[in-house]
Amino acid sequence: MTAKTTLIEVDELAAQPVDAVLIVDCRFELMAPGTGERDTAKGHRDYLAGHIPGAVYASLDEDLSDLSRQAEGLGRHPLPLETAFSRVLSRWGWRPGLQVVCYDVAGGSLAAARLWWLLRLAGVREVAVLDGGYPAWLSAGLPTEQGEVERAPTQASVRFDATQYLTDHAHLRDAPGRVLLDARGAPRYRGEVEPIDRVGGHVPGALNRPFAENLAADGRFKPPLVLREEFLALLGTHVPGDVVHMCGSGVTACHNLLAMERAGLSGSRLYAPSWSGWVSDPDRPIATGDAPG
């Protein structure tokens with residue numbers, strides 16, 4: 001199979017031998033549906049109940065983040081250390097050149113996009129998100145399996161490219177010519193509601209590009225040309241390298257990064273602490289309403 005670097009279709013994945021690809025189930029829910037109660041273990045329970053054959057499980061909290069660093073002002077989902085992420089990849093049996101496919105729930109592909117970006121951050125190009133996620137696999141009538149999957153471990157060691165993200169809050173506003181795109185839903189961006197973080201609103205000057213706008217009605221990504229037109233309309237005279245993505249905690253912002261890459265607009269970066277990191281200091285300015293501020 002030719003290396004997949006952004007998205008992969010269900011039929012393409014189904015045609016691959018299990019040992020030719022590392023499949024990672026990234027399903028994760030911050031809150032239990034309909035209750036508002038925190039239930040971060042639900043994704044793993046759903047995985048155990050049924051998943052794509054051969055898939056290992058990735059926990060957003062434990063494998064794709066380092067929650068012990070929250071007190072450093074790095075947001076709700078701080079990036080994992082290189083050594084810790086290397087151990088995760090080793091446990092999954094990853095090796096250089098192995099195609100990785102990550103998937104999530106319908107179209108949203110939120111934690112899957114986070115894993116996609118972390119691997120790109122580590123210099124891995126052979127990584128793609130399953131378009132349509134697990135529901136697309138089920139809709140195609142393809143087989144599933146239950147229980148935990150353990151692969152033969154390897155000795156992986158990766159380094160992150162620090163030029164692809166920002167953690168310095170001051171530099172976020174002081175960088176000339178940057179375009180800050182906020183992937184949260186419009187009500188949170190405007191400050192009308194804030195179910196998770198200390199306060200609602202947005203970083204002054206940030207534009208709103210809700211990640212859901214990357215998806216068509218069927219939960220799959222819009223065609224590349226459509227995505228390209230929409231992002232270019234937001235950028236105006238700016239180039240992709242001027243773009244810094246953010247969201248609530250640096251997770252859904254990766255969905256916009258993936259969409260831009262799919263559209264052929266490479267070079268944007270992530271503000272990793274995102275809104276939860278920005279508001280960790282009550283002295284930082286906050287804007288509300290539709291205007292960027």
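General remarks:
- Number of the exception - His238 against (1) modelled with pLDDT of 95 or more; (2) touching a strand residue (DSSP E or B) at 6+ places or on another chain (Cβ under 6 Å): (1)
- A count restricted to the stretch 89-132 and to residues that are at pLDDT 95 or above and polar (S, T, N, Q) stands at 2.
- Residues in the stretch 207-247 that are over 20 Å from the mean Cα position of the chain (by Cα), among the hydrophobic types (A, V, I, L, M, F, W, C) and under 26 Å from His169 (Cβ atoms) were compared, and the one that is surrounded by the most Cβ atoms within 10 Å (Cβ to Cβ) is Leu235.
- Asp182 vs. criteria modelled with pLDDT under 95, outside the structural domain of Leu64 (by TED's automatic domain parsing) and under 21 Å from Ala111 (Cα atoms): no
- Residues (touching a strand residue (DSSP E or B) at 6+ places or on another chain (Cβ under 6 Å) and either touching a residue at least 60 places away in the same chain (Cβ under 8 Å) or in a loop (DSSP other than H, G, I, E, B) (or both)) located in the stretch 114-128: Leu115, Trp116, Glu126, Val127, Ala128
- The stretch 248-280, residues that are more than 12 Å from the chain's Cα centre (by Cα), among the hydrophobic types (A, V, I, L, M, F, W, C) and more than 21 Å from Glu194 (Cβ to Cβ): Met260, Ala263, Leu265
- Any hit, the stretch 257-275, residues being part of a helix (DSSP H, G or I) and over 24 Å from Glu126 (Cα atoms): yes
- Selection over the stretch 276-293 of residues that are within 15 Å of Gly248 (Cα to Cα), part of a loop (DSSP other than H, G, I, E, B) and of a type in the set (Gly, Ala, Ser) gives a count of 1.
- Across the stretch 60-75, the number of residues qualifying as under 16 Å from Tyr165 (Cβ atoms) and not hydroxyl-bearing (Ser, Thr, Tyr) comes to 7.
- Residues in the stretch 44-90 that are in a loop (DSSP other than H, G, I, E, B), over 17 Å from the mean Cα position of the chain (by Cα) and closer than 20 Å to Trp278 by Cβ: Gly73 alone.
- Residues that are modelled with pLDDT under 95 and polar (S, T, N, Q), drawn from the stretch 1-31: Thr2, Gln16
- Residues that are in contact with a Leu (Cβ under 8 Å, 6 or more places away or on another chain) and on the phi < 0 side of the Ramachandran plot within the stretch 89-109 comprise Trp92, Trp94, Leu98, Gln99, Val100, Val101, Cys102, Tyr103, Asp104, Gly108, listed in sequence order.
The values are calculated or read from the model by the stated rules, or taken from the named source; none is laboratory data. Since we're looking at a predicted model, the values are computed, not measured. So basically every Cβ, Gly included, is an ideal-geometry build from the backbone, and we count neighbours across all protein chains shown.
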